[in-house]
Amino acid sequence: MLPVGSLASYFGQVTGSGPGAGMSLMFLVFGFFSGLVGLAGYAFRVIRDAEEILPDHVMIAENTT
């Protein structure tokens with residue numbers, strides 16, 4: 001992120017404006033959205049209770065004789 005760029009005035013105080021500041025901004029943004037995806041998954045009962053809703057897999061042993 002350039003020190004005189006358009007994003008530096010918004011995010012420069014949080015991530016800085018030197019080398020690597022754009023990558024740190026990307027980590028912050030993607031981390032924020034990953035947290036939103038996790039919270040959205042928790043908000044849906046079907047996803048939240050998938051362990052109880054889906055039956056367990058029962059493996060049947062094959063007769064190999």
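General observations
- HN-Hα J in Hz across the stretch 13-21 - Karplus 6.51, -1.76, 1.60, θ = phi - 60°, x for Gly and Pro: 6, 8, 9, x, 9, x, x, x, 5
- Amide proton proximity set for GLY5, modelled H, under 5 Å, gap of 5+: none
- In this rough spin-label picture, where each label sits 7 Å from Cα along the Cβ direction, the ALA8-PHE30 distance is 2.5 nm.
- Taking every C-alpha pair closer than 8 Å and separated by at least 6 residues, the mean separation divided by the residue count of the chain gives a relative contact order of 18 percent.
- Over the stretch 8-53, the reciprocal of the mean inverse Cα-Cα separation, the Kirkwood hydrodynamic radius, stands at 12.6 Å.
- Model label sites at MET23 and ALA61, defined 7 Å from Cα along the beta-carbon direction, differ in position by 5.3 nm.
- Peptides 31-42, 8-19, 48-59 ranked from most to least packed, by the mean per-residue count of other Cβ atoms within 10 Å: 8-19, 31-42, 48-59.
Any read-out appearing in this document is the output of simple, stated calculations on the displayed coordinates, not a laboratory observation. Bear in mind the structure is a predicted one, so any value in this text is a computation, not a measurement. Neighbour counts are summed over all protein chains in view; Cβ atoms, including those assigned to glycine, are modelled from backbone coordinates with ideal geometry.
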